[in-house]
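Enquirer: Handing you a structure now.
The values are calculated or read from the model by the stated rules, or taken from the named source; none is laboratory data. Owing to the predicted nature of the structure, the values given are computational and were not obtained by experimental measurement. In this analysis, Cβ positions are derived from the backbone assuming ideal geometry, glycine residues included, and neighbour counts consider all displayed protein chains. The accessibility values were calculated without ligands, DNA or RNA, using every heavy atom of the protein model including side chains. Shrake-Rupley method; radii C 1.70, N 1.55, O 1.52, S 1.80 Å.
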Amino acid sequence: MRILVTGGAGFIGSHLVDRLMEAGHEVICLDNYFTGTKRNVLRWMGHPNFELIRHDVTDPIRLEVDQIYHLACPASPVHYQYNPVKTIKTNVMGTLHMLGLAKRVKARFLLASTSEVYGDPLVHPQSESYWGNVNPIGIRSCYDEGKRVAETLTFDYHRQNNVDVRVARIFNTYGPKMQVNDGRVVSNFIVQALQGTPLTVYGDGSQTRSFCYVSDLVEGLIRLMNSDYIGPVNLGNPDEYTVLELAQKIQALINPRVEIQFKPLPSDDPQRRRPDITLARTVLGWQPTVPLLEGLQRTIPDFAERLGVPYTPMMV
Ligand code: NAD
Ligand code: UDP
């Protein structure tokens, strides 16, 4: 098949490209390199099945493809809040253009949506039937509301134009190839611990997240794309940790002497987040297989290598 991956030079996108290329597909990777980098897909440069296009999804594009994984959008709060208007444009116009492309060439379209559509959830854990608790005017809204509109557009193209769609609601995902300056919690703590600077816990660290290792997530995306279920489907690891517990785990794995420093909690930071993955288990036969400790042990050496810092695994 010929498969388009928007945001394919980013963290999740590049792991997805790896899996699709290894399966023998033709892959077109489209990216504007805002938070992604050519380095992430360097191993495929020159391969006859691989094509890299520098393009911004807020502009339309004509391509011939069978499937579209639409991931283009900055995912870290630091990056999506850098230019919030551009983040909304990417989510609204970018998704519109990719749905228009899917409609024209009759391609199947998968939207990488997010657990952020649940906002600061009043229901726990979050199942797909929950409509969410999102602030429409806060600093996270460009991303949360942008993705909610992207979901709406996806379902409207499906109802109105018969576009074959899939919607994945991705929960916090981590792993090798996240940018060193990504700004999300797992990469921040790993970089800080490796560099011997204090781990910055926002608030008192009692807020929770559920962290999914990237290979598990990519398996879920591919299964959803090739299933008959339209979605939305939660994809994430239901093992829930406080941010302070995560800091302590990374501290123990890298450098027990590094300090933990408490910083102000950003506004609208969700207090709890854990996916209910009953639907993914039922319709996709999918569940995560990599526990947090193992995922961190697979991730840390990649950061150490890129930072040029020696790393000897600690026994925990
Ligand atoms: P990322 O920032 O590493 O990747 C996003 C990619 O999209 C980057 O390569 C970036 O350069 C590209 N991009 C951004 N704006 C673009 C534009 N206008 N045109 C073309 N390319 C553009 O983030 P990620 O973690 O790999 O996330 C990928 C997708 O998954 C995003 O849509 C994100 O919202 C979604 N998601 C990720 C997580 C997570 O925990 N990683 C959670 C929920 C949802
Ligand atoms: N966080 C933190 N220290 C950091 C970065 C993030 O304590 O250096 C917290 C952040 O306030 C949030 C959680 O970790 O409560 C997850 O943040 P992230 O940016 O990774 O993703 P989010 O789920 O908030 O989009």
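Enquirer: Give just the number: which of (1) of a type outside the set (D, E, K, R); (2) surrounded by fewer than 23 Cβ atoms within 10 Å (Cβ to Cβ); (3) touching a residue at least 60 places away in the same chain (Cβ under 8 Å) does His97 not satisfy?
Expert: Going through the list (1) of a type outside the set (D, E, K, R); (2) surrounded by fewer than 23 Cβ atoms within 10 Å (Cβ to Cβ); (3) touching a residue at least 60 places away in the same chain (Cβ under 8 Å), His97 breaks only (3).
Enquirer: Identify all residues within the range 270-294 that are out of contact with any helix residue (DSSP H, G or I) (no Cβ under 8 Å at 6 or more places or on another chain), touching a residue at least 60 places away in the same chain (Cβ under 8 Å) and assigned to a helix (DSSP H, G or I); write none if there are none.
Expert: Thr278, Leu279, Glu294
Enquirer: Here are Ile139, Ile68: which of them is among the β-branched types (Val, Ile, Thr), farther than 28 Å from Asn162 by Cα and in contact with a Ser or Thr (Cβ under 9 Å, 6 or more places away or on another chain)?
Expert: On the way: Ile68 fails: farther than 28 Å from Asn162 by Cα.
On inspection, the qualifying residue turns out to be Ile139.
Enquirer: Among the residues of the range 59-82, how many are closer than 30 Å to Gly138 by Cα and surrounded by fewer than 18 Cβ atoms within 10 Å (Cβ to Cβ)? Explain how you work it out, then say what you get.
Expert: First pass over the range 59-82, keeping only residues closer than 30 Å to Gly138 by Cα: 59-60, 69-82.
Now drop any that are not surrounded by fewer than 18 Cβ atoms within 10 Å (Cβ to Cβ), which leaves 59-60, 78, 81-82.
Within the range 59-82, residues that are closer than 30 Å to Gly138 by Cα and surrounded by fewer than 18 Cβ atoms within 10 Å (Cβ to Cβ) number 5.
Enquirer: Give Gly183, Gly205 a once-over and let me know the one that is open to solvent by 10 Å² or more (accessible area, probe 1.4 Å), near ligand 2 (Cβ under 8 Å from one of its atoms) and in a loop (DSSP other than H, G, I, E, B).
Expert: Gly183
Enquirer: Against the conditions (1) at pLDDT 95 or above; (2) open to solvent by 50 Å² or more (accessible area, probe 1.4 Å); (3) under 19 Å from Gly7 (Cα atoms), where does Val165 fall short? Just the number, please.
Expert: Of the numbered conditions (1) at pLDDT 95 or above; (2) open to solvent by 50 Å² or more (accessible area, probe 1.4 Å); (3) under 19 Å from Gly7 (Cα atoms), the odd one out for Val165 is (2).
Enquirer: Right, here's the next one. Which one is farthest from Asp18 (Cα to Cα) among residues in the range 208-235 that are of a type in the set (Val, Ile, Thr) and open to solvent by less than 10 Å² (accessible area, probe 1.4 Å)? So that I can check it myself, show each step before the final result.
Expert: Filtering the range 208-235 for residues of a type in the set (Val, Ile, Thr) gives 208, 214, 218, 222, 230, 233.
Among the residues that remain, those that are also open to solvent by less than 10 Å² (accessible area, probe 1.4 Å) are: 214, 218, 233.
Working: Val214: 12, Val218: 10, Val233: 23 Å.
Ranking the candidates gives Val233 first.
Enquirer: Also, quick follow-up: Would you confirm, using the coordinates I've provided, whether Ala252 is under 19 Å from Arg298 (Cα atoms), open to solvent by 30 Å² or more (accessible area, probe 1.4 Å) and hydrophobic (A, V, I, L, M, F, W, C)?
Expert: Numbers: under 19 Å from Arg298 (Cα atoms): yes; open to solvent by 30 Å² or more (accessible area, probe 1.4 Å): yes; hydrophobic (A, V, I, L, M, F, W, C): yes.
For Ala252, the condition - under 19 Å from Arg298 (Cα atoms), open to solvent by 30 Å² or more (accessible area, probe 1.4 Å) and hydrophobic (A, V, I, L, M, F, W, C) - is met.
Enquirer: Within the range 92-105, is even one residue within 16 Å of ligand 2 (Cβ to nearest atom) and touching a helix residue (DSSP H, G or I) at 6+ places or on another chain (Cβ under 7 Å)? Walk me through it before giving the result.
Expert: Of the range 92-105, the ones within 16 Å of ligand 2 (Cβ to nearest atom) are none.
So far as the range 92-105 goes, no, none of its residues is within 16 Å of ligand 2 (Cβ to nearest atom) and touching a helix residue (DSSP H, G or I) at 6+ places or on another chain (Cβ under 7 Å).
Enquirer: Looking at (1) within 16 Å of ligand 1 (Cβ to nearest atom); (2) of a type in the set (Ser, Thr, Tyr); (3) not in a helix (DSSP H, G or I), which is the only condition Ser267 fails?
Expert: Unmet for Ser267, out of (1) within 16 Å of ligand 1 (Cβ to nearest atom); (2) of a type in the set (Ser, Thr, Tyr); (3) not in a helix (DSSP H, G or I): (1).
Enquirer: Kindly indicate the residue of the range 102-130 that is more than 11 Å from ligand 1 (Cβ to nearest atom) and without any contact (Cβ under 8 Å) to a residue 60 or more places away in the chain and also most open to solvent (accessible area, probe 1.4 Å) among those meeting that condition.
Expert: Lys106
Enquirer: Among Leu20, Leu42, which is more than 16 Å from ligand 2 (Cβ to nearest atom) and buried (at least 17 other Cβ atoms within 10 Å of the Cβ)? Working first, answer last.
Expert: Values: Leu42 fails: buried (at least 17 other Cβ atoms within 10 Å of the Cβ).
The conditions single out Leu20.
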